[in-house]
Amino acid sequence: MTAKIAFQGEPGAYSHQACREARPGMEAVPCRTFEDAIELVRCGDAELAMLPVENSTYGRVADIHTLLPNSGLHIIDEAFVRVHINLLAVKGTPLSAVRSAMSHTVLLGQCRDFLREHGIAPVTGADTAGSAHLVAETGDPALAALASELAGEIYGLDVLARQIEDQSNNTTRFLIMSRDIDTARRGDGPMMTTFTFRVRNIPAALYKAMGGFATNGVNMTKLESYMVGGSFTATEFYADIEGHPDDRNVQLAMEELRYFTTDVSILGVYPPRCNGAEEVRRRGCGSGPRSPARNRAAARPAAARSCRAPASSTGSSAAPPLFARECRWTAAAASGAATVAEGRTVRPPCRMATDRARPSGLADPG
């Protein structure tokens, strides 16, 4: 029996395209809502769910952040879909015959230039694939749809114009969800960890909770907040970090996080999938083995990774302005001693006045 992957929307939706590209061997199952897609996996009628989490043009998909923590599912992978918008019409229709175009309001806003240039009026539809389905059913050559090429293929429509979006980098990120968490290291590169948490109701709790990631050299690529239970005072945070929960620096950062927070929940551990050259540079995924210089830096003992300024062209070792150099914790700083730079006393950055001492064993940011 073919394994199934659930998605929200009608056949031909961009979520359907994501299923085809990321899991081509699985049967894609359309669902009316995100909740339905999650429930299909939770009850065992599908193995995976494909859920959109954010778009490069329009930001996050708000519903997903509130659903994920209590979904009972875990992130096992991510996928990126380049949102190419196409003008679809019934077969044999010339572009000059189109008077209006139907789609989701978000896509209509992304094709303003093309629609204005060709005198096509925008018509708001329920979603992209649903609009293509309606155009095919009505058979009206004056009405077109803005949707994926996959939708045109499924509903038997002609593509009158391809890639008409105003923004050339419009991309949606999806999370692939499973009933079972998979913490195994996969691929040759680093891993990503996604989690949610709520801060304790104490002054500067978020600042203190984040300090552990800075001092332990854990790169946080995303931090978003959203309201919980309709209360203005109850806030939950959603975070992505580079690293595996078994990495020592991640363990130390999460230990400190838990002290200042409540309800910490790891949603998943997965390999990053690169979205073009920018993601390769930012995440390092798909970039091959680390360079020898990076390997040497990672192998240096913690006490040796000090805050050293490069020598100037005159041979002087005088330090440039503090913001222009990369400062790392020294063994003295980690033990609480002050350092001196630019004639000022600089205290260790994360020694906080709290009701207990920081957890022991903090690693440096190397």
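Odds and ends about this structure:
- Label separation (Tyr207 vs His244): 3.6 nm, computed from points 7 Å beyond Cα along the C-beta direction.
- The calculated FRET efficiency for His118 paired with Thr2, based on their beta-carbon distance and R0 = 56 Å, is about 0.85.
- The simple Förster model, with R0 at 41 Å and r as the Cβ-Cβ distance, assigns Arg60 and Leu95 a FRET efficiency of 0.75.
- Note on Met220 and Thr262: the extension gain reaches 13.2 nm, defined as 0.36 nm multiplied by sequence separation minus the Cα-Cα distance.
- Integer Hz, Karplus 6.51/-1.76/1.60 couplings in order for the stretch 4-15, x for Gly and Pro: 10, 10, 8, 9, 8, x, 8, x, x, 5, 5, 5
- Placed amide H near Ala161: partners under 5 Å, 5+ positions off or other chain: Leu87
- By the beta-carbon count within 10 Å of each Cβ, the least crowded to most crowded order of Cys111, Cys43, Cys19, Cys31, fewest first, is Cys43, Cys31, Cys111, Cys19.
- Taking Met227, Met1 and counting other C-beta atoms within 10 Å, the order from fewest to most: Met1, Met227
- Computed over the stretch 57-147, the percent of Cα pairs more than 23 Å apart is 36.
- Whether the stretch 17-82 is rounded, prolate or oblate, judged on the alpha carbon gyration tensor where a/c under 1.5 counts as rounded: oblate
- Extension gain for Gln163-Ala184 works out to 3.7 nm (0.36 nm per residue, less the C-alpha to C-alpha distance).
- Here Ser148, Ser96, Ser225 are placed in order of increasing Cβ neighbour count within 10 Å, fewest first, which gives Ser96, Ser225, Ser148.
Bear in mind that the values in this text are calculations on the coordinates, not laboratory data. Predicted model only: the values in this text are computed from it and were never measured. Positions of Cβ are generated from backbone atoms using ideal geometry, with glycine treated the same way; all protein chains shown enter the neighbour counts.
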